[in-house]
Amino acid sequence: MTATAPNALNFECETGNYHTFCPISCVAWLYQKIEDSFFLVIGTKTCGYFLQNAMGVMIFAEPRYAMAELEEGDISAQLNDYEELKRLCLQIKRDRNPSVIVWIGTCTTEIIKMDLEGLAPKLEAQIGIPIVVARANGLDYAFTQGEDTVLAAIAARCPTPTAVSDPEERNPIQRLLNFGKKKEDVQAESQQYHDHPPLVLFGSLPDPVVTQLTLELKKQGIKVSGWLPAKRYTELPVIDEGYYVAGVNPFLSRTATTLIRRRKCQLITAPFPIGPDGTRAWIEQICAAFGIQPQGLAEREAETWEKLSDYLELVRGKSVFFMGDNLLEISLARFLIRCGMRVHEIGIPYMDKRYQAAELALLTKTCTEMGHPLPTIVEKPDNYNQLQRIKALQPDLVITGMAHANPLEARGISTKWSVEFTFAQIHGFGNARDILELVTRPLRRNQALVGLGWQKLVAN
Amino acid sequence: MKLAYWMYAGPAHIGTLRIASSFKNVHGIMHAPLGDDYFNVMRSMLERERNFTPVTASIVDRHVLARGSQEKVVDNIIRKDTEEHPDLIVLTPTCTSSILQEDLQNFVQRASLSTTADVLLADVNHYRVNELQAADRTLEQIVQFYIDKARRQGTLVTSKTPTPSVNIIGITTLGFHNQHDCRELKQLMADLGIQVNLVIPAAASVHDLARLPQAWFNLVPYREIGGLTAQYLETEFGQPSVRITPMGVVETARCIRAIQGVLNAQGATVDYEAFIEQQTREVSQAAWFSRSIDCQNLTGKKAVVFGDNTHAAAMTKILSREMGIHVVWAGTYCKYDADWFRAEVAGFCDEVLITDDHTVVGDAIARVEPAAIFGTQMERHVGKRLNIPCGVIAAPIHIQDFPVGYRPFLGYEGTNQLVDLIYNSFTLGMEDHLLEIFGGHDTKEVIHKGLSADSDLTWTADGLAELNKIPGFVRGKVKRNTEKFAREQGISEITVEVLYAAKEAVGA
């Protein structure tokens, strides 16, 4: 496993038995992100119990997601899918009146071949609420790719300029930045921007991070016309042929493809804005696409590294093993190698070498510059085999899904839940600290517990 | 199709895996798509389990769908046999893979030709039964399998142990306070001079199952899991069972008396009355609490109860009979066993509620406005919204149901724990009472949070808008840090850019 080719990344596909969360988990963050949405997961008790239990998503007073629980009659096709879904969607309309209902198809709807894409337009016309269909099933996708299926479906619904009277007014971020300013000031401000084709960013990020990345680009004179998804479905960005698009997350290859093929956009292939190195490279690539010379980026990156120095001392020389869970692995590994860590193995559920091309190139470059051997990237890893390798390697840190964390800790191996990186704010220069805050927590915990002893709590 | 927001009981495969992974050295194989294997997460996280959960998902993906699963499932069974050397491998589909209608029984037979371990397909219908029913059935299935096997091999021992002995049936992983209850029940049996023959499935080896018939009787503490196994053993070997949940002073005594009856019918001469007397009078504080002045103030307070059959029924009886609390309604989500529940709580509450729809339960709580709720995590949540205290008495499990300290619900120590739970749940009520007597808390209002006036700095509209997006509990800190940063930098106007520059500078 450790044998690496000198000049190229070593890809393996174990196609093993591995654990990650189900892609329907994207509902947990997307219903919060898109404030006027309702997510309807069409699946079984198994899906429902997952959302409730493993994700710990609690039903609040005004829930904006629910299960359409398939019962025996649905499975054996004794009931009419259209009538059943209509009944449920009318109830949702009555109780919550959302701007959009997102149907999340599951493994079960795939297996019984329920024609959600065929049913949605008819029902949409009948009840007067847009219905978006995403197939976030575990037969084809892993964990965070659920977001990809939803965004790809929504991308098809973004309006064209002809469909909207004043596209400027629709841009909520621009409205926010212009909040309270006079119209003349706004016009004056528009001169701060270079004249470039419209740029739309895609990927679901918490609102403060959206603002931060938008501001980073503003510093370069680049105007972000909109984000996919927007805070509200009714504020989806305008997209037209020739618009430029750039992703912020490494798991959005389908969304990228949809934007290129169906909306005829230009994709800016860049590393992802994770870590100061990645953020700088991301901005540089966007600048390059528009022929803009970036200003002060090297200084900005250097400053950020300077601010991380206390954490860097903790991680330098330490080793890390990614079991593979949320598809952020390549970006995180690249950043941690730049921080001076050693990466044994990068497990990842799915590797799209084209969409991640720039990130993989940056990983290779980082390894060369840091004198780090090129790590092995293991797609669809086998968790049992990985545990044997971890046992042999004894890494300082394992970034893993939740099922393996406690057992590894009990064997004296420090872990961090990969899911925390999914939910934490890790994008942009300023948030690099939050990544290291997470990465160093087990290391700092170990320092704090030196006096405790009892490092292993199971018999060998 | 059913619009569902919340489930009180999980899907069938969870029940099967709870049984499989409770046994020692049994491996579960899930024939399931990626992500359906969250049982491993639940066990590892909720139980803070130190060992790797002995469950492997044999993943169904597009390729497998196209080619058929047989090869993969069989390979995985054989692989786990060589890697983990389990005594038994239990194969289960999930709701999803069960509709593929593959001949899993055939896979199992093929695999078992090449394995040292026994291989079983869990026999449950994933669309007709829930977690609890599936657990009950899987336990019965495994017991039956090993009894039959022992019988064939001539290793079955049916002669009784020389002294009175018991099998405790139904203690499982991810059960509500099961580990604590198990310790308490073992202690109780020791106090009664009864030898514990086997506890199943928790930490039992499947090889021991052939010894089950040796016990004088079976104790099934929970209504939901273990009943089918006890029934099977009774039919097969005439082994009597005691199915009274020893929860609360009265029911614990009734359970012990039933045990006495069962033992004496088999030739023993035990008399547990003195033990019951001593425990109730001196060891348990519950009876005394019921007679104390504290509990007097609970008299006639309104409460509602909701949970699984075992805990909801027992709690209703305790509140009503042992505390004098008025149970307005008692309910269960075990719809499949509703008749039993109705019979158990008859006379102890005004109304009975049988539903697995949490909104119906929520509405029923709001309608009654009880002084306290005894329910599941969902009712605790409802109570929070309505400002009604709730004691959690039943699954669905939550990390809070796995306290590190000793908190049984059963036996005499259980009665003490229940008193604490009930008393603490009603504290609000007690405080109300004291407030009435002494005229209320200090009512002076806090006008200013800070001690100094507003600062000299101005926030621009966009800065303020961004600040207001920051969650309330940290907003004050962010505002202070930003203003400090602005002062240090000589900035008088705080824009959104300044806000984020400050965040980076101080890492706030």
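The values are calculated or read from the model by the stated rules, or taken from the named source; none is laboratory data. Worth saying up front: this structure is predicted, and the values here are computed from it rather than measured. When we count neighbours, we look across all protein chains shown, and the Cβ atoms used for this are built from the backbone with ideal geometry, even at glycine.
The helices (runs of 4 or more DSSP H) found entirely in the stretch B:170-274 that carry 2 or more residues being among the acidic types (Asp, Glu) are B:178-191, B:227-237.
Rundown of residues vs (1) modelled with pLDDT under 95; (2) more than 26 Å from B:ASN130 (Cβ to Cβ); (3) in contact with a Phe, Trp or Tyr (Cβ under 7 Å, 6 or more places away or on another chain); (4) surrounded by fewer than 18 Cβ atoms within 10 Å (Cβ to Cβ), yes/no style:
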position	(1), (2), (3), (4)
B:SER320	no, yes, yes, no
B:ALA338	no, no, no, yes
B:ASP350	no, yes, yes, yes
B:VAL361	no, no, yes, no
B:ALA364	no, no, yes, no
B:ALA371	yes, yes, yes, no
B:ARG385	yes, yes, no, yes
B:ILE393	no, no, yes, no
B:ASP401	yes, no, yes, no
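I'd like to know if the stretch B:58-67 contains one or more residues that are loosely packed, with under 15 Cβ neighbours inside 10 Å, modelled with pLDDT under 95 and more than 10 Å from chain A (Cβ to nearest Cβ). Yes, the stretch B:58-67 has at least one match. Assessment of the stretch A:413-427 against the conditions (over 19 Å from B:SER44 (Cβ atoms) and surrounded by fewer than 20 Cβ atoms within 10 Å (Cβ to Cβ)) yields at least one matching residue.
Of the helices (runs of 4 or more DSSP H) that lie entirely inside the stretch B:95-169, those containing 1 or more residues that are within 30 Å of A:THR44 (Cα to Cα), modelled with pLDDT of 95 or more and not aromatic (Phe, Trp, Tyr) span B:104-112, B:131-153.
Residue count for the stretch A:7-29 satisfying the condition of being surrounded by fewer than 24 Cβ atoms within 10 Å (Cβ to Cβ) and out of contact with any strand residue (DSSP E or B) (no Cβ under 7 Å at 6 or more places or on another chain): 6. For the stretch A:428-459: of the residues being in a helix (DSSP H, G or I) and facing chain B (nearest Cβ under 10 Å), which is surrounded by the most Cβ atoms within 10 Å (Cβ to Cβ)? Result: A:ALA432. On the stretch given as the stretch B:377-387, residues that are free of Cβ contacts under 8 Å to residues at least 40 places away in the same chain and among the hydrophobic types (A, V, I, L, M, F, W, C) total 2. Against the criterion of being modelled with pLDDT under 95, more than 22 Å from the chain's Cα centre (by Cα) and of a type in the set (S, T, N, Q), B:SER241 does not qualify.
Of B:VAL199, B:VAL143, all but one fail to be over 22 Å from the mean Cα position of the chain (by Cα) and among the hydrophobic types (A, V, I, L, M, F, W, C); the exception is B:VAL143. I need every pair where a residue in the stretch B:193-221 that is closer than 18 Å to B:GLY411 by Cα has its Cβ under 6 Å from the Cβ of a residue that is of a type in the set (Lys, Arg) and surrounded by fewer than 23 Cβ atoms within 10 Å (Cβ to Cβ), sequence separation at least 6 or different chains. Qualifying pairs under 6 Å: B:VAL196/B:LYS186; B:VAL220/B:ARG243. Closer than 11 Å to B:GLY307 by Cα and away from every other protein chain (no Cβ under 14 Å): is that true of B:PHE348 in this structure? Taking the combined requirement at face value, the residue does not satisfy it.
Residues in the stretch B:1-21 that are touching a Leu at 6+ places or on another chain (Cβ under 9 Å), facing chain A (nearest Cβ under 10 Å) and either closer than 17 Å to B:LEU121 by Cα or without any contact (Cβ under 8 Å) to a residue 40 or more places away in the chain (or both): 4 in all. For residues in the stretch A:96-136 being within 14 Å of another protein chain (Cβ to nearest Cβ) and of a type in the set (Lys, Arg), which is farthest from B:ASP36 (Cα to Cα)? Here the answer is A:ARG96. Scanning the stretch A:59-100 for residues that are in a strand (DSSP E or B) and closer than 22 Å to A:GLY138 by Cβ yields A:TYR65, A:ALA66, A:MET67, A:ALA68, A:GLU69. Filtering B:ASP81, B:ASP75 for residues that are over 25 Å from the mean Cα position of the chain (by Cα), more than 9 Å from chain A (Cβ to nearest Cβ), farther than 26 Å from B:ALA395 by Cβ and surrounded by 19 or more Cβ atoms within 10 Å (Cβ to Cβ) leaves a single hit, B:ASP81.
Does any residue of the stretch A:401-408 turn out to be surrounded by fewer than 19 Cβ atoms within 10 Å (Cβ to Cβ) and either assigned to a helix (DSSP H, G or I) or not aromatic (Phe, Trp, Tyr) (or both)? No, the stretch A:401-408 has no match at all. Just need a number here: residues in the stretch B:92-118 that are closer than 24 Å to A:ASN137 by Cβ and either crowded, with 19+ Cβ neighbours inside 10 Å or of a type in the set (A, V, I, L, M) (or both). The number of residues fulfilling the criteria is 11. In the stretch A:306-318, is there at least one residue being buried (at least 22 other Cβ atoms within 10 Å of the Cβ), closer than 30 Å to A:TRP29 by Cα, in the same structural domain as A:ASN431 (by TED's automatic domain parsing) and at pLDDT 95 or above? No.
Conditions tested, residue by residue: (1) assigned by TED's automatic domain parsing to the domain that holds A:PHE421; (2) touching a strand residue (DSSP E or B) at 6+ places or on another chain (Cβ under 7 Å).
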site: A:GLU235; (1), (2): no, no
site: A:TYR244; (1), (2): no, yes
site: A:PRO250; (1), (2): no, no
site: A:THR257; (1), (2): no, no
site: A:PRO276; (1), (2): no, no
site: A:ILE283; (1), (2): no, no
site: A:THR304; (1), (2): yes, no
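Within the stretch A:41-57, residues that are surrounded by 24 or more Cβ atoms within 10 Å (Cβ to Cβ) have Cβ atoms under 8 Å from residues that are modelled with pLDDT under 80 and not charged (D, E, K, R) in these pairs: A:LEU51/A:VAL57, counting only partners at least 6 apart in sequence or on another chain. Please find, within the stretch B:373-427, the residue that is nearest to the other protein chains (Cβ to nearest Cβ) out of those that are under 29 Å from B:MET189 (Cβ atoms), of a type in the set (Gly, Ala, Ser) and in a helix (DSSP H, G or I). Residue satisfying both the conditions and the ranking: B:GLY414.
The selection criterion, being part of a helix (DSSP H, G or I) and either within 7 Å of another protein chain (Cβ to nearest Cβ) or crowded, with 22+ Cβ neighbours inside 10 Å (or both), does not hold for B:MET30.
Filtered by the rule that a residue be closer than 19 Å to A:ASN17 by Cβ and assigned to a loop (DSSP other than H, G, I, E, B), the stretch A:372-394 gives A:LYS380, A:PRO381, A:ASP382.
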